[in-house]
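I have placed the structure first, in the form of structure tokens, so that the comments after it can refer back to it.
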């Protein structure tokens, strides 16, 4: 029996419980702070009406919080299936997969939400670096940092090929370019700015650095590959 492994298990479990508790506390605090604007959208969202729910920031935030138990259930189901199949690190991989989707889709939805002049106002482009940062404001700056933060945090935990800062930077910048291009092509009454790309990519990198200790290694990825069966002797 490995005494070191048995002694290290309780601290890891305690650390996980503490992190989960902090995450729940953070979500509860955010919901408390935003309770008034969220309650404004609650009747429309609960009634299943598209207009006034999913085309508003408050409605998207509310539905994101409502979908949290579904995301947690998806993590549990995926982890249980992987654990039964003997896949290494089932919880980490399942959490990373669901986290990338759950943490990115709402921000993408809000980013691609059309403005009041959508369809009539021509697309606008700002290609001068750092010019729009002054007019972005604190809320806009933090929002741009968070758009691909979940992707940057969880992607290297799931894919060993993305477990490096330059690759996460390229991933965040590439995804941001696609979003800015969509805003311009679809004429969503938004400005396609190079500063948005820079801040989006920076947010992905910062989030990736925060999860660096859990990045997936090439050795772990190789261990997931099925080993070829040995040919019978003779």
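The values are calculated or read from the model by the stated rules, or taken from the named source; none is laboratory data. Being a predicted model, the structure only gives us computed values, none of them experimental. Methodologically, a virtual Cβ is constructed for each residue, glycine included, from the backbone with ideal geometry; neighbour enumeration extends over all protein chains shown.
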Discussion item. For the condition part of a loop (DSSP other than H, G, I, E, B) and either touching a helix residue (DSSP H, G or I) at 6+ places or on another chain (Cβ under 6 Å) or farther than 23 Å from residue 198 by Cβ (or both), what is the one hit in 155, 150, 118?
Written reply: 118
Response to the item:
Sole miss for residue 201 among (1) surrounded by 15 or more Cβ atoms within 10 Å (Cβ to Cβ); (2) over 17 Å from residue 129 (Cα atoms) is condition (2)
Worksheet, complete the sentence: Of (1) out of contact with any strand residue (DSSP E or B) (no Cβ under 6 Å at 6 or more places or on another chain); (2) surrounded by 14 or more Cβ atoms within 10 Å (Cβ to Cβ); (3) within 16 Å of residue 203 (Cβ to Cβ), residue 163 fails just (3)
Worksheet item: Which numbered condition trips up residue 181, out of (1) without any contact (Cβ under 8 Å) to a residue 12 or more places away in the chain; (2) surrounded by 15 or more Cβ atoms within 10 Å (Cβ to Cβ); (3) under 16 Å from residue 126 (Cβ atoms)?
Response: (2)
Worksheet item: Does residue 112 satisfy the criteria of being surrounded by fewer than 13 Cβ atoms within 10 Å (Cβ to Cβ) and in contact with a helix residue (DSSP H, G or I) (Cβ under 8 Å, 6 or more places away or on another chain)?
Response: no
Fill in: Among (1) over 17 Å from the mean Cα position of the chain (by Cα); (2) loosely packed, with under 14 Cβ neighbours inside 10 Å; (3) assigned to a helix (DSSP H, G or I); (4) modelled with pLDDT under 90 - the single one residue 51 does not satisfy
(3)
